[in-house]
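Written out below as structure tokens is the structure these notes cover.
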Amino acid sequence: MNELDALYRELILDHSKHPQHFGLADEDAEPGHSGTSHQKNPVCGDEITLRARVDGETIADVTWEGRGCSISQASASMLADLVAEEGLSRAEAVTLIEGFREALRSRGKLELDEEVYGDAAALSGVSKFSARVKCAMLAWVALEDAIAKA
């Protein structure tokens, strides 16, 4: 394993052990509209419930709860952290999700740009393991669904 792979593995484990934005925010605590999505991977048992609070066209907050493998939990943590840092619009979030989906379906041909995806770029290597792609995608699908509902 090269140094970059080792660093990415460590980053995934860190997010899994110390998840960011974990715990669903109260739907009525802040102004704006909330959308909640529960996604489940029946193959491995991963589950994510994600709540996105949208203020106008801006995603103001993303919180989540879940259980499952380190990849699914780290991916949810990385996504929530990324959205919190960037203050993305709905359209920007959809573009981000589409790019993530494309990279993960590429079987290792596309790498996620660290400047765009932050820590989530560490999940690029998951694309080489088709059985793990859904684990990494679970939170991203939940965000897509939640912002459509908000």
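The values are calculated or read from the model by the stated rules, or taken from the named source; none is laboratory data. This structure is a prediction, so every number in the text was calculated from the model and none was measured. Cβ placement follows ideal geometry from the backbone for every residue including glycine, while neighbour counts extend to all protein chains displayed.
The set of residues in region 107-123 that are touching a helix residue (DSSP H, G or I) at 6+ places or on another chain (Cβ under 7 Å), part of a helix (DSSP H, G or I) and acidic (Asp, Glu) comprises GLU114, ASP119.
Filtered by the rule that a residue be out of contact with any helix residue (DSSP H, G or I) (no Cβ under 6 Å at 6 or more places or on another chain) and either part of a loop (DSSP other than H, G, I, E, B) or surrounded by 15 or more Cβ atoms within 10 Å (Cβ to Cβ) (or both), region 20-35 gives GLY23, LEU24, ALA25, ASP26, GLU27, ASP28, ALA29, GLU30, PRO31, GLY32, SER34.
The listed residues are ALA93, ALA76, and the only one of them that is within 17 Å of ARG53 (Cβ to Cβ), in contact (Cβ under 8 Å) with a residue 24 or more places away in the chain and in contact with a Pro (Cβ under 8 Å, 6 or more places away or on another chain) turns out to be ALA76.
Can you tell me which residues in region 71-87 are modelled with pLDDT of 95 or more and either outside any helix (DSSP H, G or I) or closer than 14 Å to CYS135 by Cα (or both)? Passing the criteria: ILE71, SER72, GLN73, ALA74, SER75, ALA76, SER77, MET78, LEU79. Residues in region 12-27 that are among the aliphatic types (A, V, I, L, M) and farther than 16 Å from ARG53 by Cβ were compared, and the one that is farthest from the chain's Cα centre (by Cα) is LEU13. When ALA121 is tested against (1) surrounded by fewer than 18 Cβ atoms within 10 Å (Cβ to Cβ); (2) within 18 Å of GLU3 (Cα to Cα), just one condition goes unmet, and that condition is (1). Within region 82-114, the set of residues being within 18 Å of PHE22 (Cα to Cα), of a type in the set (D, E, K, R) and touching a strand residue (DSSP E or B) at 6+ places or on another chain (Cβ under 9 Å) comprises GLU86 only.
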